[in-house]
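Structure record follows, encoded as structure tokens.
Every number here is computed from the coordinates shown, using simple stated rules; none is lab data. The shown structure was predicted, so the numbers you read here are calculated from the model rather than taken from an experiment. No Cβ is skipped: glycine too gets one built from the backbone with ideal geometry, and neighbour counts run over all protein chains shown.
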């Protein structure tokens, strides 16, 4: 398998893991990968949590390495579900930022 195919396969695997971890809320996440074709890295995503706790308008604001995990991070963050914020008894929209870490397994 060439490196491009290995990378795609690993990214699909990471997407599955991110979806599984989506229920962890706003905690730091590290994902271990057993494939040296994918470097370690992270993606910082900014998004809005609407009045019902659904993620809207995610945007990658930084990542390292650039562009490698961005798409998967966006796909994963869109599956997150949060408890809505309340101010004076009413649900309100809030901006939030999540960093998702990717790390090679040893």
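Quick check on region 59-106: take the gyration tensor over C-alpha atoms, sort the square-rooted eigenvalues as a ≥ b ≥ c, and tell me if it's rounded (a/c under 1.5), prolate or oblate. Here region 59-106 falls in the prolate category. Note on residue 96 and residue 62: their simple-model spin labels are 2.0 nm apart, each label 7 Å out from Cα toward Cβ.
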